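The values are calculated or read from the model by the stated rules, or taken from the named source; none is laboratory data. Every value quoted in this text rests on a predicted model; they were computed, and no experiment measured them. Note that each Cβ is placed from the backbone with ideal geometry, even for glycine, and that neighbours are counted across all protein chains shown. Keep in mind that these areas ignore ligands, DNA and RNA; they rest on the heavy atoms of the full protein, side chains included. Shrake-Rupley method; radii C 1.70, N 1.55, O 1.52, S 1.80 Å.
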Amino acid sequence: MDKIRIRGGRPLSGDIFIHGAKNATLPLMAAGLLTDERLILSNVPLLADIETMATLLAQHGIATERLGNEGRVLSLGGAITNTEAPYDIVRKMRASILVLGPLLARCREARVSLPGGCAIGARPVDLHLKGLEQMGAEIRLEGGYVNAAVPQGLRGADIVFPFVSVGATENLLMAASLAEGRSTLSNAAREPEITDLALCLMAMGARIDGVGSDQLLVEGVAQLHGARHDIVPDRIETGTYACAAAIAGGSVMLRGARLEHIAALATALGEAGVEVVEDKGGLAVRRLNGLHGTDVQTAPYPGFPTDMQAQFMSLMCVAEGAAMITETIFENRFMHAPELNRMGARINVHGASAIVRGVTSLQGAPVMATDLRASVSLVLAGLAARGETVVNRVYHLDRGYEAVERQLSACGADIERTSD
Ligand code: EPZ
């Protein structure tokens with residue numbers, strides 16, 4: 001199994017290329033089920049989760065071909081031949097649930113394994129199912145599977161989400177695009193990945209109003225057609241490398257990154273003593289002098305992203321003073337705190353909040369984490385730590401960060417991937 005070995009203490013300097021967003025690509029691939037025609041996606045990141053989604057789509061009869069020199073263009077096409085999403089694939093990646101809405105819309109039936117909980121929380125899919133029921137689907141849960149049928153076809157519905165869910169908004173937006181009549185999705189998620197999905201669906205012929213707002217109006221159409229779509233840059237990869245420059249010191253240029261997508265994080269970084277400015281089609285990030293403890297609370301977009309909470313916590317470990325970090329989206333997303341404490345951090349977790357008291361330095365240690373963002377937060381801590389840090393269970397990182405060790409070593413970090 002691979003590991004990442006880091007010898008900390010080197011400032012970063014150089015350019016980092018920001019890839020297309022993983023969390024935009026996954027729903028966009030599921031949208032390939034909405035038409036028999038070809039969907040061409042460009043700026044696709046090279047990540048394990050993308051391969052898992054391609055395997056799932058192949059199971060449904062949709063072939064995925066990688067085009068171009070680096071394989072960053074995906075061509076999806078084919079007719080749906082099977083409406084079952086099996087446990088063996090779904091258990092590897094929760095985003096598999098995103099095939100449910102499209103399969104129901106196209107085939108009027110679907111059998112999709114329930115994803116189950118994961119390291120960061122219980123993560124139920126009740127909002128996805130309730131929304132589809134409102135659109136006329138009959139849903140039975142049996143043997144760990146969602147069995148869904150809608151013999152007369154999906155009908156438009158007025159859906160009010162009781163709280164914001166990225167995945168439920170995506171699933172129902174895709175379903176509503178092919179439902180009969182008008183749907184409204186209120187209290188919808190507004191993440192840039194939702195906007196990206198809506199833009200692609202519109203290029204495929206969907207009729208959607210309110211894109212970018214928390215109320216989406218969808219006039220269902222009888223069929224969608226093929227399209228080409230360029231995937232939005234990854235705002236979480238952007239934020240992660242911004243925190244890398246902040247914790248290691250120095251300055252980096254994040255090529256292709258967009259400031260408007262990380263506004264809440266940029267504000268927090270500014271308070272903490274890190275400059276983030278737009279420059280030459282990207283973002284220049286520079287640590288000014290010392291780092292200052294800064295409180296943050298996660299919230300749906302445009303709030304501070306839960307997917308940046310672990311990385312910001314690493315930064316606060318070496319800031320002067322204290323920071324309170326409050327997690328409001330997932331109930332169990334502080335698994336990195338005990339690992340950071342093993343590196344000499346002073347973090348106390350109380351329920352949904354963590355108090356981080358800054359220390360002058362961290363010490364390298366063997367560490368591991370149980371999810372993607374927690375894993376990368378340990379890489380960041382390793383950049384600032386004295387001595388050697390070895391991050392185990394690198395497969396979590398490979399799900400969401402393309403060549404993290406190459407990106408950071410190109411900027412001067414002493415980091416490498418090793419195998420047992
Ligand atoms: C998406 O997950 C992202 N995944 C997550 O990224 C991200 O952390 C999350 O949104 C929040 O921003 C993808 O886009 C593939 P939610 P999703 O539905 O859609 C509860 C990463 O590291 N909920 O917005 O699953 C849920 O348990 C990952 O890249 C219900 O109770 O998140 C959570 O507490 C991890 N019932 C909250 O809502 C439901 O039916 C928000 O979840 C749905 C969700």
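Multiplying the residue separation of Asn147 and Ala122 by 0.36 nm and removing their Cα-Cα distance gives an extension gain of 6.9 nm. Considering only Leu141, Leu33, Leu178, the mean-square fluctuation computed in a Gaussian network model of the chain, springs between alpha carbons under 10 angstrom, is largest for Leu141.
Under the combined filter of DSSP loop state and at most 16 neighbouring Cβ atoms within 10 Å, segment 307-393 retains these GluC sites (Glu not before Pro): Glu331. Restricting attention to segment 264-420, close to 65% of DSSP beta bridges with both partner residues there are antiparallel.
A viscosity of 0.890 mPa s and a temperature of 25 °C, combined with the Kirkwood radius over C-alpha pairs in the Stokes-Einstein formula, give segment 256-391 a diffusion coefficient of 163 µm²/s.
The distance linking segment 94-112 with segment 285-316 is 35 Å (Cα centroid to Cα centroid, whole angstrom).
Shape of segment 155-230 from the C-alpha gyration tensor: oblate (a/c of 1.5 or more and a/b not above b/c, with a ≥ b ≥ c the square roots of its eigenvalues). Could you tally the net charge around Val252, taking each other residue with its Cβ under 12 Å from the Cβ of Val252, Lys/Arg +1 and Asp/Glu -1? Summing Lys and Arg as +1 and Asp and Glu as -1 gives 0. Within straight-line reach of Lys280, meaning a Cα separation under 27 Å, sit the following lysines at least 8 residues removed in sequence or on another chain: Lys22. For the set Arg228, Arg207, solvent exposure ranked by accessible area (probe 1.4 Å, protein chains only) runs largest to smallest as Arg228, Arg207.
Subtracting the Cα-Cα distance of Asn332 and His292 from 0.36 nm times their residue separation leaves 11.8 nm of extension gain.
The share of alpha-carbon pairs in segment 114-173 lying farther apart than 16 Å comes to 48%. With contacts taken as Cα pairs under 8 Å and at least 6 residues apart, segment 288-420 reaches a relative contact order of 21 percent.
In the P(r) worked out for segment 332-420, what percent of Cα pairs fall beyond 23 Å? Tail of P(r) above 23 Å: 22 percent of Cα pairs.
If you wrap segment 231-327 in the convex hull of its Cα atoms and look at it from every side, the mean projected area works out to 5.5 nm². Translational diffusion coefficient, Stokes-Einstein: compute it for segment 94-218 using the Kirkwood radius over C-alpha pairs as Rh, at 37 °C and 0.692 mPa s, and state it as an integer in µm² s⁻¹. Result for D is 229 µm²/s. In segment 343-419, the portion of solvent-accessible area held by carbon and sulfur atoms comes to 48 percent [1.4 Å probe, whole percent, DNA, RNA and ligands not counted]. When Met1, Met316, Met202 are compared by accessible area at a 1.4 angstrom probe, the order from most to least is Met1, Met202, Met316.
Placing dummy labels 7 Å off each Cα toward the beta-carbon, the span from Asp414 to Ala79 is 6.1 nm.
Only helical runs count toward this figure. For the chain, summing -39,500 (n - 2.57) over DSSP H runs of n ≥ 4 and dividing by all residues gives -9000 deg cm²/dmol at 222 nm.
Using the alpha-carbon positions of the chain, Rg (one decimal) and Dmax (whole number) come out as 21.4, 65 Å. Taking a Cβ cut-off of under 11 Å around Glu275, the surrounding Lys, Arg, Asp and Glu residues balance to a net charge of +1, with basic ones at +1 and acidic ones at -1.
Here segment 1-149 has an Rg and Dmax of 17.8, 58 Å, counting Cα atoms alone. Taking all protein chains together and rolling a 1.4 Å probe, Leu372 ends up with roughly 20 Å² accessible. Rolling a 1.4 Å probe over the protein heavy atoms leaves His292 with an accessible area of roughly 90 Å².
Label sites at Val349 and Met1, each approximated as a point 7 angstrom past Cα along Cα to Cβ, lie 1.9 nm apart. For segment 244-320, the per residue solvent-accessible surface stands at 36 Å², with DNA, RNA and ligands left out and a 1.4 Å probe. Work from the charge dipole of the chain (Cβ charges, +1 for Lys and Arg, -1 for Asp and Glu, about the Cα centre) and give the residue of Ala354, Leu372, Gly412 farthest towards its positive end. After comparing all options, I get Gly412. Among beta bridges from DSSP that stay inside the chain, the antiparallel ones total about 70%. For segment 314-420, the Cβ-based charge dipole about the Cα centre amounts to some 220 debye (Lys, Arg positive; Asp, Glu negative; other atoms uncharged). The modelled label-to-label distance for the pair Phe163/Asp279, using points 7 Å beyond Cα in the direction of Cβ, is 4.0 nm. Projecting the Cα atoms of Thr389, Leu33, Ala54 onto the charge dipole of the chain, computed from C-beta unit charges around the Cα centre, puts Thr389 farthest toward the positive end. Here the chain is treated with +1 on each Lys and Arg Cβ and -1 on each Asp and Glu Cβ, and its dipole about the Cα centre works out to around 640 debye. In terms of accessible area, using a 1.4 Å probe and ignoring ligands and nucleic acids, Thr184, Thr267 rank largest first as Thr267, Thr184.
The solvent-accessible area of Asp126, taken with every protein chain present and a 1.4 Å probe, is close to 60 Å². I need the shape label for segment 279-346. Rule: rounded when a/c is under 1.5, else prolate if a/b > b/c, else oblate, with a, b, c from the alpha carbon gyration tensor. Note, shape of segment 279-346 comes out oblate.
Counting protein heavy atoms only, segment 227-302 has 46 percent of its accessible area on carbon and sulfur, 1.4 angstrom probe. Normalised by the number of residues in the chain, the average gap of Cα pairs under 8 Å and 6 or more apart makes the relative contact order 21 percent.
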